[in-house]
Amino acid sequence: GGVNVVTIRNIKTILTAPRGVDLAVVKVETSEPGLYGLGCATFTQRYRAVASAVEDYLKPLLEGRCVEEIEDIWQTAMGSSYWRNGPVLNNAVSGVDEALWDIKGKMANMPLYNLLGGKCRTGVAYYRHVFGRDMEEAVEGVRRYVEQGCRYIRCQLGLYGGTLRDETGRLAGPGKNAPENSPFGVYYDPARYCRETVELFQRLRQEFGWEVEFLHDVHERLTPIEAISFAKSLEPYRLFFLEDLLPPEQSAWLERLRGQTAAPIAMGELFNNPAEWTGLITGRLIDYIRVHVSQIGGITPAKKLASLCEAFGVRTAWHGPNDLSPVGAAAQIHLDAAIPNFGIQEFAGFTEEEQEVFPGCPEARNGYLYLSGRPGLGVDIDEEKAAKYPCSFREHSWLLARRPDGTAVRP
């Protein structure tokens with residue numbers, strides 16, 4: 001260390017929900033007055049558990065540490081719980097890790113992408129989501145995005161697995177074929193879903209031709225053999241990628257799938273553990289890695305993962321849902337700007353409320369995302385405004401998935 005060693009003075013979690021989605025942002029304050037960093041630690045379904053992990057465990061572990069030692073701090077934080085690679089602890093470590101990269105960028109007076117080797121592209125291509133309750137609504141949704149200059153669009157009929165909402169906006173309950181007294185849940189019919197989705201892409205290609213790139217998210221709602229059949233039936237429509245065709249538990253089927261279809265496969269949104277992705281990458285069984293950057297522990301592991309992927313011809317497609325804070329979105333976009341094997345960035349847009357709470361949000365223009373160019377991650381937080389949007393327990397009803405006969409299944 002030099003003469004003026006900058007150390008961690010305090011670590012805290014800011015919980016806020018400016019768009020009705022519970023976010024967790026970690027703020028690392030330093031011994032240097034006014035110098036702090038922000039990181040995303042959002043695990044929206046269990047946000048309080050993450051806050052506890054940060055404040056009760058990481059804060060006492062890391063107070064007084066030199067902020068420059070990002071790699072060593074990451075290794076120490078990850079190893080100090082002995083058991084590792086779970087979503088709660090990984091998100092907690094990510095919050096600290098991203099905040100330390102933010103601080104390092106501010107100390108160097110550089111945006112993060114410059115610290116990572118500089119830009120490989122001036123703007124980052126993104127895709128948006130269309131959920132149509134019927135075919136016409138889906139076509140209209142696609143048309144709206146195309147008019148905004150968006151060239152990559154993920155299309156779903158209904159929610160995942162074709163689950164539809166009823167007139168009141170609630171997710172539909174048991175269908176007419178469910179047994180008596182079936183519990184409430186999100187019922188979906190895999191056979192109908194596969195049929196209707198193929199019809200959807202047939203219609204979208206007729207309507208929009210081949211200039212638009214279409215994506216689709218299966219959300220693991222098929223048995224492995226259904227998934228293989230489904231992938232083959234979508235081949236004529238040349239999707240940019242087919243996402244989460246299988247649950248992580250059934251990754252071994254990807255080898256069989258690979259031998260039967262040329263559909264580009266994106267996977268990894270649910271991954272936490274390197275053991276889940278290493279074999280898929282080195283075996284060249286996927287085309288896009290979909291991990292949620294904070295779920296794997298932040299920028300430090302994500303840049304290594306991107307390098308591993310580069311060596312095996314796999315491109316990135318970080319998970320960018322609306323339960324990602326603008327801080328986390330910026331971290332992903334900095335990575336996207338700096339890595340040669342960038343594929344596509346999922347983007348949920350920012351509401352006015354989010355832009356108010358998080359000054360410096362990346363901007364979307366004509367199909368590309370642009371960073372503010374400010375040092376570090378370039379996104380700040382207004383704690384007073386954040387406090388106006390408190391988090392609260394929400395039932396994530398779309399996760400209460402059931403098959404037509406009422407059997408509970410994982411999404």
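Structure notes:
- Boolean, THR316 is buried (at least 17 other Cβ atoms within 10 Å of the Cβ) and under 25 Å from HIS216 (Cα atoms): yes
- One residue stands out in the stretch 151-174 among those that are more than 22 Å from the chain's Cα centre (by Cα) and within 15 Å of ALA408 (Cβ to Cβ): the one that is modelled with the lowest pLDDT, namely LEU171.
- Single residue of the stretch 39-64 satisfying the filter (open to solvent by less than 30 Å² (accessible area, probe 1.4 Å) and touching a residue at least 60 places away in the same chain (Cβ under 8 Å)) that is nearest to TRP398 (Cα to Cα): THR44
- So GLU137, is it under 19 Å from GLY268 (Cα atoms), in a helix (DSSP H, G or I) and free of Cβ contacts under 8 Å to residues at least 12 places away in the same chain: no
- The numbered conditions (1) part of a helix (DSSP H, G or I); (2) open to solvent by 40 Å² or more (accessible area, probe 1.4 Å); (3) in contact with a helix residue (DSSP H, G or I) (Cβ under 8 Å, 6 or more places away or on another chain) are all true for VAL96 except (2).
- Taken over the stretch 335-359, residues that are over 17 Å from GLY320 (Cβ atoms) and either without any contact (Cβ under 8 Å) to a residue 12 or more places away in the chain or open to solvent by 20 Å² or more (accessible area, probe 1.4 Å) (or both) amount to 5.
- Hits in the stretch 207-221 (condition: assigned to a loop (DSSP other than H, G, I, E, B) and touching a residue at least 40 places away in the same chain (Cβ under 8 Å)): GLU211, VAL212, VAL218, HIS219, GLU220, ARG221
- Put simply, of VAL142, VAL186 the only residue that is at pLDDT 95 or above and open to solvent by less than 30 Å² (accessible area, probe 1.4 Å) is VAL142.
- Counted residues, the stretch 65-83 - those being open to solvent by 20 Å² or more (accessible area, probe 1.4 Å), in a helix (DSSP H, G or I) and farther than 22 Å from LEU115 by Cα: 2
- Pairing each residue of the stretch 105-121 that is under 10 Å from HIS334 (Cα atoms) with any residue that is among the β-branched types (Val, Ile, Thr), provided the two are 6+ apart or on different chains, yields C-beta distances under 9 Å for LEU112/ILE299; TYR113/ILE333; LEU116/ILE299; LEU116/ILE339.
- Number of positions in the stretch 184-228 that are touching a Gly at 6+ places or on another chain (Cβ under 9 Å) and of a type in the set (Gly, Ala, Ser): 1
- Any hit, the stretch 286-308, residues being open to solvent by 30 Å² or more (accessible area, probe 1.4 Å) and more than 24 Å from ILE70 (Cα to Cα): yes
- When TYR187 is tested against (1) under 22 Å from ILE344 (Cα atoms); (2) touching a residue at least 24 places away in the same chain (Cβ under 8 Å); (3) aromatic (Phe, Trp, Tyr), just one condition goes unmet, and that condition is (1).
The values are calculated or read from the model by the stated rules, or taken from the named source; none is laboratory data. If you're wondering where the values come from, they're calculated on a predicted model, not measured in any experiment. Virtual Cβ from ideal backbone geometry, glycine too; neighbours counted across all protein chains shown. In case anyone asks, the SASA skips ligands and DNA or RNA and just uses the protein heavy atoms, side chains included. Shrake-Rupley method; radii C 1.70, N 1.55, O 1.52, S 1.80 Å.
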